[in-house]
1. Accessible area per residue, 1.4 Å probe, Å², for the range 246-351: what's the number?
2. Counting only Cα atoms, I'd like the Rg/Rh figure for the range 264-401, Kirkwood definition for Rh.
3. Let me check the size of the range 34-106 from its C-alpha atoms; what are the radius of gyration and Dmax in Å?
4. I'd like the accessible area for ILE109, computed on protein heavy atoms only with a 1.4 Å probe and all protein chains in place. Round to 10 Å², please.
5. What is the percent carbon and sulfur in the accessible area of the range 1-43, measuring with a 1.4 Å probe over the protein chains and ignoring ligands?
6. Top to bottom by accessible area (1.4 Å), largest first, where do LEU120, LEU112 land?
7. Take PHE178, PHE80, PHE284 and sort them by solvent-accessible surface of the protein heavy atoms, 1.4 Å probe, largest at the top.
8. Please compute the net charge surrounding THR310, taking Lys and Arg as +1 and Asp and Glu as -1 over other residues with Cβ under 12 Å from its Cβ.
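The values are calculated or read from the model by the stated rules, or taken from the named source; none is laboratory data. What you are looking at is a predicted structure, and each value in this text was computed from that prediction instead of being measured. We place every Cβ from the backbone using ideal geometry, glycine too, and count neighbours over all the protein chains shown. Calculation scope for accessible area: heavy atoms of the full protein, side chains included, ligands and nucleic acids excluded. Shrake-Rupley method; radii C 1.70, N 1.55, O 1.52, S 1.80 Å.
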Amino acid sequence: MQLIPSIDRYILRLTVIPMLGVFALAASLLMLDKMLRLFDFVAVEGGPVGVVFKMLGALIPEYASLAIPLGLLLGVLLAFRKLATSSELDTMRAVGLSYNRLLRMPYIITMLLVAVNVALVFYIQPISRYYYEQMEYELRSGALGASIKVGEFTTLADRMALRIEESEDEGRKLIGIFARVANSKGQVLSISAREGAFLATRDNPDTIILRLTEGTIIQDTGSNTPRVLSFSRHDLPIDLPAIEEFRARGDKTREYILPELLSIGWSEKSAPQQRDASLASFNFRLVEIVMMFLMPLLAVALAIPPKRSTSALGVFVSIVMVVAYHKVNQYGEDVAALGRLDPVLALWVPFFIFAALIVWMYYRVAYVPGGQAIGALEMAFAKLSKRLGKLFARKRPRGHPAPAELAAAE
């Protein structure tokens, strides 16, 4: 005897394949857009290319928390749409399988994804977001090797100007170096070298050595004749600029994990503004997770096209509804964080309205004979499609016989 009935295995297969595809597509699109911005940012700051992929890795939990509900919705929707358009759904209904029974496997998948999303939203995502902010800070401050830019003059410790023409081997080999150094006595050294390389020092981590090869030193001593010295190798010590330590985690509310949110939001000792922001963030994360339990119902309600129709309007409507609801939640969180509205009103009232709409749409499809959740939209869309088809249809020149007339003449 098999543990999972064949009908559940079949629905599982129909659901998982498109769901994983949507996961991959949504995450790829989100990361591609961010990757282009990060490449521009790192190029401007002069940082190593490898830090782009580290920063993208830190954003994966945030993008995954957005892609999981959308993937669940479209996975179930496409599975039931395939059953409906192939008339398999009618057969299943005819043998006594209700929509509630057919949703057994989608709800098992939903439980697993909810558990994953809880871990992401309340624990993993805040830590990874802080890690991302830390790397961005270090990149701006030069802690990741981004303080010296190729082709530009860079001031170090207010007494040295350095310019590098080219950089090879990920910054290990420098070509075309010019440095201008001033000491406390007012003497100025102008140094040019063909090649160079940065070397770390064990004794003083705040100082690095710029080892120069085949160059010239011109020392301006204040007299009419400067001193000129050629060298085959010269070590130039450079004091690194002081870099402030990055702030502690928690400067932003989205960096708090669940126990910290509850501790701040329920503590009488917390500042009112901080307490409002914590409660708003907690309710926002919670309502986004609870809404996942309604995604299978919404998917089924929008998956069933009208009879003798293959309209994909439900797919478009489902994406619009989920994205619009997410934006409403974001606005509610911002308003509640400012203390202008209670988080329960700002976030849970839209949830109950949206949930009531989804339940009504599912009831129309599951319990009303011939019922359609978006029947009016389907009719309007069908009429619009016909008008557009007539508008863009190719018109036959006057006097030119129709294809049927040509066939009859032959």
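1. For the range 246-351, the solvent-accessible area averages 49 Å² per residue.
2. Numbers: Rg = 22.2 Å, Rh = 18.0 Å.
Rg divided by Rh gives 1.23.
3. Cα radius of gyration and Dmax of the range 34-106 are 21.7, 66 Å respectively.
4. 20 Å²
5. On the way: 2050 of 2820 Å².
Answer for the range 1-43: carbon and sulfur cover 73 percent of the accessible area.
6. Largest accessible area first, the residues go LEU112, LEU120.
7. Details: PHE178 75, PHE80 0, PHE284 35 Å².
I get PHE178, PHE284, PHE80, largest accessible area first.
8. Values: positive: ARG81, LYS82, LYS307, ARG308; negative: GLU378.
Taking every other residue near THR310 into account, the sum is +3.
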